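Trainee: This is the structure I have questions about; it appears just below.
The values are calculated or read from the model by the stated rules, or taken from the named source; none is laboratory data. Fair warning: this is a prediction, and the values are worked out from it, not measured in the lab. Because the Cβ atoms are built from the backbone with ideal geometry, glycine has one as well, and the counts that use them run over all protein chains shown.
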């Protein structure tokens, strides 16, 4: 009985030990990449109109801010008379 126990236990222990050593040298698996963060403040550098005209500061100015819970977009440009115009009904879609 003792000999049978030794014949089955020793090979099992040997297999488990070799298996554990095999996994110990395995490099860590890479984690899934996280989504990029767009939080921050962005300054409008230019705007291209449908007719091809490019507006740059001081003719147009804008600032966009993203946080975890809010978005804020401010824009102002000069109208045909040279006065600054703030659009009252500007709609920004995500």
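Trainee: Can you work out which of the residues in the stretch 64-82 that are without any contact (Cβ under 8 Å) to a residue 12 or more places away in the chain and part of a loop (DSSP other than H, G, I, E, B) is farthest from residue 38 (Cα to Cα)?
Mentor: 81
Trainee: Does residue 27 count as surrounded by 10 or more Cβ atoms within 10 Å (Cβ to Cβ), at pLDDT 65 or above and in a loop (DSSP other than H, G, I, E, B)?
Mentor: no
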